[in-house]
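Report on one structure; see the data block that follows.
Where a number appears in this text, it was derived from the coordinates with a stated rule and is not lab data. Just so it is clear, the structure is predicted and the values come from calculations on it, not from any experiment. Backbone-built Cβ (ideal geometry, glycine too); neighbour counts: all protein chains shown.
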Amino acid sequence: MRLLTHNMLSSNIKGVMNGFPLRLEVEKSVSKEVEFNSDFLRNMFPKIEWKALVDAARSMGYAELPEEAPESSMLESEEFLMKFHHALLELHLEEGALICPETGRRFPVNKGIPNMLLHEDEV
Amino acid sequence: MEPQIEADALKPSLPSFRTKEDQWKSKSVPYKMSARSAQIRLVSSHPEVYEPCDDSFALVDALLADRTNLLEHRPMLCMELGCGSGYVITSLAIMLGQEGAGVSYFATDMNPHAVKVTSETLEAHEVHADVVLTDIVSGLERRLGSMVDVMVVNPPYVPTPEDEVGRNGIASAWAGGENGRSVIDRILPIVDALLSKKGWLYMVTLAANNPSQICHIMREKGYASRIVVQRSTEEETLHVMKFWRDSEIQAGTKEQLTDNKTTPAVIMESLLSQFPCLAFWRSGS
């Protein structure tokens, strides 16, 4: 699971109001090289919740992203884009879990696949 | 807005056309490697996972037929609901390219074996999609709203008793309840929420699903539609439908047809975008 996907996931348990972002529990993470495309990154940027990405990257051991959401001028900086690229697309959570911030419920991640299936009482 | 209607969608009858149910009830049916599917190797399978079949091939053929439009469209995010073996999402990713080409992929399935098989299929073909084990898009719907540029779905469309719908295991690949519409009807509003302004949906349906009614439902939501691929046997007809937002339909400007200031070109475009559905409905299939 890449952090792009993590940025798009929220707790789907019935009644949960603050289900985003899910906290990461990292047992095994890996970095996989992905071809760089600045247009993709620039187009994706406005849709990303920045703090969620920064925190998630940090829990994966990557602390190079700026804390503050960058100004749009930063999107012209190749150096910034490469860090954004790495955090968003190259860091993978292979084994671990996503934790609902409101209920603490664990959504396991196995072989890079998050399991968001709910139990009957959660639907 | 689509520039042309699909005139020659009708393909010759396939004597070996199999519905999902046939495929799984006659277990000795061999997996046929046609020229279309030769590109995607069946690297992984599982008894509880739907293997690519005529409907999967039809969907990929539809995408291939529309490839030029898709490439021109420059989608950023593509998604498959119910990825099964991963055949369709893998084909799509090979066809359109990956992040280097500016495209990212998501795939979901509620069957834990299917997501595993999909991952293996993707990996074997050196393409990547983020795969999520979930019911339709549960967990993604809040953040992915209006973000998906291409959605592909081969839904459980076989008419079955309602209590067969959504059960664990392979039957969830085909069991569609009354008129085979149970899951399709759940999917449509979700797709509407997730598709971007320029978003396209490709969906497989049977004649038994009453596709003209589906078109009507989508039209109410502001979508035009056409049949991209059609496969027929004596018993049944399978359609791959394409839906896209149409600004005229959205604005409800079909009233303009009576406005004498409307140019003939506008009338023609309006009619043509409706034509495939009307033609289909009138043919009584």
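What value in Å³ per residue do you get for the convex hull of the alpha-carbon atoms in segment B:141-200? Can you show the working numbers first?
Numbers: hull volume 5.2 nm³, N = 60.
Convex hull volume per residue, Cα atoms: 86 Å³.
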>> Give me the net charge for the shell around A:Cys100: Cβ to Cβ below 11 angstrom, other residues only, Lys and Arg +1, Asp and Glu -1.
In response: +1
> Which far-off residues, 5 or more places away or on another chain, put their amide H under 5 Å from the one on B:Leu77, with H placed in the peptide plane?
Replying inline: B:Ser104, B:Asp149, B:Val150
> Using bins 5 angstrom wide from zero, how does P(r) for chain A break down, in % of all Cα pairs?
Replying inline: 2, 11, 22, 22, 18, 13, 8, 4, 1, 0
>> Restricting to lysines 8 or more places apart or on different chains, can you count the pairs in chain A with Cα atoms under 20 Å from each other?
In response: 5
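Looking at chain A, which longest stretch skips every one of the trypsin sites (Lys or Arg not before Pro) that is in a DSSP loop with at most 15 other Cβ atoms within 10 Å, leaving the sites themselves out? Could you put the intermediate results ahead of the total?
Details: sites that count: A:Lys14, A:Lys32, A:Lys111.
In short, A:33-110.
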> Given H placed on each backbone N at 1.01 Å, which residues far from A:Glu35 in sequence or on other chains put an amide H within less than 5 Å of it?
Replying inline: B:Gly100
> So what J values fall out for segment B:215-223 if you push phi through Karplus, 6.51 cos²θ - 1.76 cosθ + 1.60 with θ = phi - 60°, rounded to Hz, Gly and Pro as x?
Replying inline: 4, 5, 4, 5, 5, 4, 8, x, 10
> What are the extents of the Cα atoms of segment B:88-237 along their three principal axes, listed from largest to smallest and rounded to whole Å?
Replying inline: 42, 35, 34
> Cα centroids of segment A:60-123 and segment A:1-17: how far apart, whole angstrom?
Replying inline: 10
